[in-house]
Amino acid sequence: MINDLKLDKLSVIGRAAEAYAIGDLSEVKQRAERLYLGKRFPFVISREYPYPLHLFSPRLSAMLEGVASYPDAQKIWELITARENIIKMISVTEIKRTAAEILGPLFQNKYSDNKDRVMPRKQMIGYMIKIVMECFGFTTSRGRMQIDTTRGPDDSARRANYFKSATRYAKMTIDERDVLLEQIGNADVKRHFLAITDLILAGRTEYQKIYNIHGLTNWDSL
């Protein structure tokens, strides 16, 4: 499996590094305050990086704030970012399956009778999964994987899954991170990118401590 090691394939880490480097944080601060007024911010990297990492994606922010265009966005985001679901996505990724595959039956049950805006909803879910996986140090791999919904060689019935194919992910290695690092020209951006990815890859961000995904055996959640 070959990771797609281009900086512009990242959705939040590169943008966060650039924003912290130039001190342009007012927009993400305002997004966080609108979405989490009076609440503890989720997906905070550290005291030095105090704003939600996922909100450095303008696209995801628009989904979470755009009630008219994305009426289910916040509920879907809460579902995807539930601890047990993140553990499931990481666990299946480690055996070279797709993160969306393990959540597919859940969304099939939730939306099987709802034929409205099926493709936009699938795209939204896929993008949200991408953000979560990136926050935990995973990058996209080239090509999509077909999701096998057959029950067995002698059974023509099919398991219900909301997705027919999905993006594959793989854990970013230090060497792969360094390949991305070399694509950054600005020294300050590079410094912040290094600091942020060091924390993520070591599992030492504030949100990773809260999620504590290795606090139980991953397979216990499947």
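The values are calculated or read from the model by the stated rules, or taken from the named source; none is laboratory data. Since this is a predicted model, take the numbers as computed values, not measurements. Using ideal geometry, Cβ is built from the backbone for each residue, glycine included, and neighbour counts are taken over all protein chains shown.
Brief remarks follow.
- The stretch 5-20, residues that are β-branched (Val, Ile, Thr) and not in a helix (DSSP H, G or I): 12
- The single condition among (1) in contact (Cβ under 8 Å) with a residue 24 or more places away in the chain; (2) crowded, with 19+ Cβ neighbours inside 10 Å that residue 7 does not satisfy is (2).
- Residue 78 charged (D, E, K, R) and under 27 Å from residue 204 (Cβ atoms): yes
- The stretch 84-100 - residue that is of a type in the set (D, E, K, R) and closer than 16 Å to residue 139 by Cα and, of those, modelled with the highest pLDDT: 94
- Residue 90 in contact with a Leu (Cβ under 8 Å, 6 or more places away or on another chain) and either without any contact (Cβ under 8 Å) to a residue 24 or more places away in the chain or of a type in the set (A, V, I, L, M) (or both): no
- Residue, farthest from residue 78 (Cα to Cα), within the stretch 21-38, restricted to residues that are assigned to a helix (DSSP H, G or I) and without any contact (Cβ under 8 Å) to a residue 24 or more places away in the chain: 26
- Condition met for residue 11 (hydroxyl-bearing (Ser, Thr, Tyr) and closer than 12 Å to residue 128 by Cα): yes
- Candidates are the residues of the stretch 124-150 that are of a type outside the set (S, T, N, Q) and assigned to a strand (DSSP E or B); the one that is modelled with the lowest pLDDT is 145.
- You will find that of 166, 160, the residue that is in contact with a strand residue (DSSP E or B) (Cβ under 9 Å, 6 or more places away or on another chain), of a type in the set (A, V, I, L, M, F, W, C) and either in a strand (DSSP E or B) or at pLDDT below 90 (or both) is 166 and no other.
- Whichever residue in the stretch 59-87 is surrounded by fewer than 17 Cβ atoms within 10 Å (Cβ to Cβ) and touching a residue at least 40 places away in the same chain (Cβ under 8 Å) and, among such residues, is nearest to residue 122 (Cα to Cα): 59
- Residue list for the stretch 10-45, restricted to those being surrounded by fewer than 20 Cβ atoms within 10 Å (Cβ to Cβ) and on the phi > 0 side of the Ramachandran plot: 23, 38
Quick grid of which residues meet (1) among the acidic types (Asp, Glu); (2) closer than 20 Å to residue 137 by Cα; (3) within 16 Å of the chain's Cα centre (by Cα):
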site: 65; (1), (2), (3): yes, no, no
site: 71; (1), (2), (3): no, no, no
site: 75; (1), (2), (3): no, no, yes
site: 82; (1), (2), (3): no, yes, yes
site: 102; (1), (2), (3): no, yes, yes
site: 105; (1), (2), (3): no, no, no
site: 110; (1), (2), (3): no, no, no
